[in-house]
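Reviewing the structure listed below.
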Amino acid sequence: MYSTLSILTGCGLVVSLIGIIGTCVGDPRSAAGHRAPATPFTVSEAHRAMQLHRGCRADACARKGAAFRTLVAAGRIVPDTRADGYSM
Ligand SMILES: [Zn+2]
């Protein structure tokens, strides 16, 4: 039978590992996660990036900006020229 302390220690290790792995796969909360993609986004990748970066401004986040331009080029978004930060 495992003690409560060993179970809690195991859970802490799992949570730490998830945090470490999350920072390596483009976590939008890290600065690296806001970089422009190395290759152009597909439309579905652009949709996902827009969801992950919904708190970012398109003119301040290179990744969201790239996603936005991809969706505009694909005709999925029509930019509102009155909105600041979404002009191209
Ligand atoms: Zn961002």
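Any read-out appearing in this document is the output of simple, stated calculations on the displayed coordinates, not a laboratory observation. Since the structure is predicted, the reported quantities are computational estimates derived from the model, not experimental observations. Ideal geometry is used to build each Cβ from the backbone, glycine not excepted, and the neighbour counts take in all protein chains shown.
If I ask for residues that are more than 12 Å from the ligand (Cβ to nearest atom), among the charged types (D, E, K, R) and under 20 Å from residue 83 (Cα atoms), which ones from segment 34-72 would you list?
Hit for segment 34-72 is 69, nothing else.
Could you tell me which numbered condition residue 82 fails, if it satisfies all but one of (1) surrounded by fewer than 13 Cβ atoms within 10 Å (Cβ to Cβ); (2) within 16 Å of the ligand (Cβ to nearest atom)?
Single failed check for residue 82: (2).
Run down 69, 82 and say which single residue is of a type outside the set (A, V, I, L, M) and assigned to a loop (DSSP other than H, G, I, E, B).
Within the list 69, 82, the selection yields 82.
Could you list, ordered by first residue, the pairs with Cβ atoms under 6 Å in which the first is in segment 38-54 and farther than 10 Å from residue 70 by Cβ and the second is within 13 Å of the ligand (Cβ to nearest atom) and assigned to a helix (DSSP H, G or I), at least 6 apart or interchain?
Close Cβ pairs satisfying both conditions: 53/63; 53/64.
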